[in-house]
Amino acid sequence: MSYLLHIDSSALGEASVSRQVAQSFLEGWDGKVVHRDLAAAPVPHLTAAGITARVTDPARHTDEQAAAAALQDELIEEFLGARAYLFTVPMYNLSMPSVFKAWLDQIMVFGRTFKPSPAAGRPAVLISSRGGSYGPGAPNHGLDYVVPTTEAVLGHESQLGLDVATVVPEMTMAPHAPSLAEFLPVHEASMADAHDRSRELAATIATATAA
């Protein structure tokens, strides 16, 4: 039986906006969920042993290479066993949390998960919250290095090839920073839209993958 693979990367636990929005998706998902919380149980960063193990005969693996290969096999099998994906990847310092990058580096293996990608075309939802706004007209427009990069790795045909839908809750610092108080209505509207969009995606994907 396949499942939804839910990957969390926010360090904030229940206070995380991206996790809160993901919960709206999960409430509309009727099926098995495999949850990997990278903040609570981070996977190690890719090492020389992990890289060289990919091109070395397993019979010749060192202990370090064997351990690295076993971890990659576990993560890749978990990834490929899913029929749909839910990723929470908030913006940290204009980029993705390092724990999510570490996970990506472990599963991105040429000939196994990309070029070709056995998961190509499977639906995925990317939830990426951020404290400010980075869209057209905003002072920080052009400084979002989370969504474009993550969408490319997850969705480009030369990479994992998933069918990615992105949900972006913005201005999450407005309730906490006095200097951003005037943007509280923008934040509230963004949150409402993000929750609604997540519920809609859950229903759409659940129907499509059940067919």
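Over all directions, how big on average is the projection of the convex hull of the alpha-carbon atoms in the range 108-167, in square nanometres? Display every interim value, and only then the final one.
Values: hull surface 17.7 nm².
Dividing the Cα hull surface by four gives the mean projection, 4.4 nm².
Keeping all protein chains in place, calculate the accessible area per residue for the chain (probe 1.4 angstrom), answer in Å². Write out the running numbers ahead of the final one.
Numbers: 10330 Å² over 211 residues.
Accessible area per residue: 49 Å².
What are the extents of the Cα atoms of the range 60-146 along their three principal axes, in Å, largest first?
Principal-axis extents of the range 60-146 (Cα, largest first): 55, 29, 19 Å.
Which percentage, to the nearest 5, of the DSSP beta bridges contained in the range 69-211 is antiparallel? Before the final figure, lay out each step's value.
Numbers: 1 of 11 bridges.
In the range 69-211, DSSP labels about 10 percent of beta bridges as antiparallel.
For Y145 paired with E182, estimate the spin-label separation in nm (one decimal), with each label point 7 Å from Cα along the Cα-to-Cβ line.
So the label points at Y145 and E182 sit 2.9 nm apart.
Could you grab the Rg to Rh ratio for the range 116-211? Cα atoms only, Kirkwood for Rh. Provide the component values of the computation, followed by the final result.
On the way: Rg = 15.7 Å, Rh = 14.9 Å.
My calculation of the ratio gives 1.06.
Using the Kirkwood formula over every pair of different C-alpha atoms, what hydrodynamic radius in Å results for the chain? Don't jump to the answer; show the numbers that get you there.
Numbers: mean 1/r = 0.0554 Å⁻¹.
After inverting the mean inverse Cα-Cα distance, the result is 18.1 Å.
Highest first, please rank the peptides 60-72, 9-21 by the mean number of other Cβ atoms sitting within 10 Å of their residues.
9-21, 60-72
With each pseudo-label sitting 7 Å past Cα toward Cβ, what's the E14-A40 distance in nm, one decimal?
Here the answer is 1.2 nm between the modelled labels.
Quick check: at a probe of 1.4 Å, how many percent of the accessible area of the chain sits on carbon and sulfur atoms?
Numbers: 5790 of 10330 Å².
Solvent-exposed carbon and sulfur of the chain make up 56 percent of the total.
Compute the Kirkwood hydrodynamic radius of the range 1-85, taking the inverse of the mean of 1/r over all pairs of distinct Cα atoms, and give it in Å to one decimal.
Values: mean 1/r = 0.0675 Å⁻¹.
Kirkwood hydrodynamic radius for the range 1-85: 14.8 Å.
The values are calculated or read from the model by the stated rules, or taken from the named source; none is laboratory data. Remember, it's a predicted structure, so these values are computed and weren't measured experimentally. For neighbour counting, all protein chains shown are included, and Cβ atoms are generated from backbone atoms with ideal geometry for every residue, glycine included. Surface areas here come from the heavy atoms of the whole protein model, side chains and all, with no ligands, DNA or RNA. Shrake-Rupley method; radii C 1.70, N 1.55, O 1.52, S 1.80 Å.
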